[in-house]
1. If you check ALA26 against the conditions, is it more than 21 Å from TYR138 (Cα to Cα) and of a type outside the set (Val, Ile, Thr)?
2. Go through region 217-230 and report how many residues are in a loop (DSSP other than H, G, I, E, B) and either under 23 Å from the mean Cα position of the chain (by Cα) or not small (Gly, Ala, Ser) (or both).
3. Yes or no: region 204-216 includes at least one residue that is surrounded by fewer than 18 Cβ atoms within 10 Å (Cβ to Cβ) and not in a strand (DSSP E or B).
4. Just one of the numbered conditions (1) outside any strand (DSSP E or B); (2) under 22 Å from ALA60 (Cβ atoms) is not true of ASP236; which one?
5. Name the residue, out of PRO209, PRO184, that is over 25 Å from ASP288 (Cα atoms) and in contact with a Ser or Thr (Cβ under 6 Å, 6 or more places away or on another chain).
6. Pick from region 171-203 the residues that are without any contact (Cβ under 8 Å) to a residue 60 or more places away in the chain and outside any strand (DSSP E or B): which of them is surrounded by the fewest Cβ atoms within 10 Å (Cβ to Cβ)?
7. Looking at ALA290, ALA220, ALA214, which one is out of contact with any Phe, Trp or Tyr (no Cβ under 9 Å at 6 or more places or on another chain) and either among the charged types (D, E, K, R) or at pLDDT 95 or above (or both)?
8. Which one is nearest to GLY43 (Cα to Cα) among residues in region 215-238 that are of a type in the set (Val, Ile, Thr) and touching a residue at least 12 places away in the same chain (Cβ under 8 Å)?
Amino acid sequence: MRKLLIFSLALAMPAGVYASGVGTTAASFLKVSMSPRALAMAGAFGALADDSGAVFINPAGLAQSDKREVGLGFTNYLQGAKMGNLSYAGTISGNRFGFGASFLNVGDIERRGLNDNAGAVSALGSFDSNDLAVTLAYAKKEFMPDSLPGLDAGCAVKFINSSIDSKNASAVAADAGAIYHASPKINVSLSMQNLGTKMKFVDAADPLPFKIAAGALYKAVSNLNVTAELSEYVNDEKFYPAFGAEYWIRNAFALRGGYKFGYDTSNLGAVVGLSLGFGVKVAGLGVDYAYLPFGDLGNVHRFGFWLQF
């Protein structure tokens with residue numbers, strides 16, 4: 001039970017990958033940045049998203065590339081929780097499509113019974129908690145070529161299932177986004193995520209973590225991306241600004257960093273809110289890594305691999 005409690009508190013903390021009020025929304029794993037590249041930039045990625053990971057962040061980003069790509073990411077999270085994702089971006093009949101699947105597993109949660117005559121709470125084995133989301137996305141480049149050139153747009157439908165022990169809950173949600181190429185150096189973005197049905201375990205039903213985000217990208221030079229993003233979790237009434245940067249060396253090695261405001265620095269330490277990472281790409285193959293310090297709860301190391309073909 002201690003494992004579940006600590007992990008639930010981590011989900012509830014204002015953080016670079018989470019933004020939640022305690023117990024206000026369901027499927028908190030949807031708040032996690034499933035892209036190591038985006039996480040290394042503190043989540044300020046909506047206007048830059050140009051890989052298969054865009055399916056998790058801003059579906060319009062799928063239109064920023066014409067390549068087929070498969071991505072895979074994973075991490076061992078706090079208290080032994082396991083997280084992973086699979087993404088794909090491709091072209092069919094001139095249209096850009098994407099697929100994404102993400103999961104979270106918290107295992108070996110201790111089950112406790114009622115107090116016995118001596119006032120002790122007896123242990124009754126253990127159970128698991130599992131979350132899964134499957135996303136199908138579509139994007140179109142130059143969505144309004146006559147009235148607003150430079151506007152890319154995308155949408156996605158998401159199927160969500162969560163289970164705790166033998167209880168299950170499901171929901172359906174929609175994502176949508178747009179990226180406007182204001183100039184060769186500037187992009188601006190707007191997106192919404194997780195607009196959908198409530199999830200109901202037994203009798204209680206909770207809304208999904210509906211999010212609205214506005215972002216910007218400035219290409220200071222050809223190999224330096226500077227980003228900013230403002231995110232609002234509507235149902236949780238939480239607002240989070242974030243800044244990030246990505247610097248490429250010889251178009252083969254990237255250094256990334258960012259900061260997201262809203263962490264509980266008084267409890268988790270002064271460095272909480274900082275994200276760091278790197279990326280390597282060679283001949284259509286790539287590796288991404290992100291590091292997130294979480295104070296006394298530990299550090300998060302997220303890895304990703306991708307293949308373009």
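The values are calculated or read from the model by the stated rules, or taken from the named source; none is laboratory data. Given the structure is predicted, the values throughout are model-derived calculations rather than measurements. Cβ placement follows ideal geometry from the backbone for every residue including glycine, while neighbour counts extend to all protein chains displayed.
1. yes
2. 1
3. Checking region 204-216: not a single residue is surrounded by fewer than 18 Cβ atoms within 10 Å (Cβ to Cβ) and not in a strand (DSSP E or B).
4. (2)
5. Result: PRO209 is the single residue among PRO209, PRO184 that is over 25 Å from ASP288 (Cα atoms) and in contact with a Ser or Thr (Cβ under 6 Å, 6 or more places away or on another chain).
6. ASP203
7. Of ALA290, ALA220, ALA214, the one residue that is out of contact with any Phe, Trp or Tyr (no Cβ under 9 Å at 6 or more places or on another chain) and either among the charged types (D, E, K, R) or at pLDDT 95 or above (or both) is ALA214.
8. That would be THR227.
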